[in-house]
Amino acid sequence: EVPPAPGQFDNHTHTYSYGAHAAHVAVDPGTGHVEIVDYVSAEDVGRIVNPMALRGQVLGALVQGLGGVFLENLAYDDQGQLLAGSFADYLLPTITDFPNLRSFTTGNYPATISPLGAKGAGEGGCIPSGGIMANAIADALAGARTNHLPLSPEVVWSFANRMGG
């Protein structure tokens, strides 16, 4: 048995991972359906402590981000009541909703200010996915632009209609 030992690690300097994402989509302008043909992310996360856990974290973050893009709609009524108050009304993404995800992670540049050299990894999929998908859909529809999510089929269809799709 290991006796408890007091200890503390304070670091007021932050570490950040960095990477790039790209998406290839097919959009049906008649229905607003978006198919992700391919989605690729590449990220340097510093020292990789557990490769299998990292893969799950990165793919889970991508699915969470894409769920926010296509499924999640936090709508409220006039009294401020959330209209999607249960999982019967609130769509949760799963990995099967987005089968064409590829992720590459490297640990080429360990953080110099963290004891393990690790950087964040879970944020990399959530943060860029909205902009990536909005731009991919805009390119597929030859110029439609949006500044809000989710990009439901109804919303994408309305972009296509405005663009003469």
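Let me have the relative contact order for the chain, percent, based on Cα pairs under 8 Å that are six or more residues apart. Don't skip to the end; give the middle numbers.
Details: 274 pairs, mean separation 58.1, N = 165.
Relative contact order here is 35 percent.
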To the nearest 10 degrees, the tilt of helix 51-70 (Cα long axis) against the first principal axis of the alpha carbons of the chain is 30 degrees
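Ranked by accessible surface with a 1.4 Å probe, highest first, in what order do 129, 114 come? Mind dumping the intermediate values first?
Details: 129 0, 114 25 Å².
Largest accessible area first, the list is 114, 129.
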Helix 123-140 sits off the longest principal axis of the Cα atoms of the chain, rounded to the nearest 10 on a 0 to 90 degree scale, by 20 degrees
Computed over region 1-51, protein heavy atoms only, probe 1.4 angstrom, the accessible area per residue in square angstrom equals 71 Å²
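If you add up the charges near residue 124, with Lys and Arg at +1 and Asp and Glu at -1, over every other residue whose beta carbon is less than 12 angstrom from its beta carbon, what do you get? Write out the running numbers ahead of the final one.
Working: positive: 119; negative: 43, 44, 123.
Its environment carries a net charge of -2.
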Of 152-162, 77-87, ordering from highest average Cβ density within 10 Å down gives 152-162, 77-87
Taking Cα atoms, the helix 153-162 axis meets the longest principal axis of the chain at an angle in degrees (rounded to 10) of 50 degrees
Taking 0.36 nm per residue of separation between residue 83 and residue 1 and subtracting their Cα-Cα distance, the length gained on full extension comes to 24.4 nm
For region 1-155, percent of DSSP beta bridges that are antiparallel (nearest 5) comes out at 65 percent
Taking every other residue with Cβ under 13 Å from the Cβ of residue 62 and scoring Lys and Arg +1, Asp and Glu -1, one gets -2
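Sort region 1-45 into rounded, prolate or oblate with this rule: let a ≥ b ≥ c be the square roots of the eigenvalues of the Cα gyration tensor; rounded if a/c is under 1.5, and if a/c is not under 1.5, prolate when a/b is larger than b/c, oblate otherwise. Please report the intermediate quantities before stating the final value.
On the way: a/c = 4.43, a/b = 3.10, b/c = 1.43.
Since a/c reaches 1.5 and a/b is larger than b/c, the shape of region 1-45 is classed as prolate.
Ignoring ligands, DNA and RNA, what percent of the 1.4 Å accessible area of the chain is carbon and sulfur? Don't skip to the end; give the middle numbers.
Working: 5810 of 10340 Å².
That fraction is 56 percent.
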Which of (1) 18.0; (2) 16.4; (3) 19.5 gives Kirkwood radius over Cα pairs in Å as computed here? It is (1)
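The values are calculated or read from the model by the stated rules, or taken from the named source; none is laboratory data. None of the values given here were measured: they were computed from a predicted structure. Here the Cβ is made from the backbone with ideal geometry for all residues, glycine too, and neighbour counts use every protein chain on show. Just so you know, the surface numbers come from the protein's heavy atoms only, side chains and all, with ligands and any DNA or RNA stripped out. Shrake-Rupley method; radii C 1.70, N 1.55, O 1.52, S 1.80 Å.
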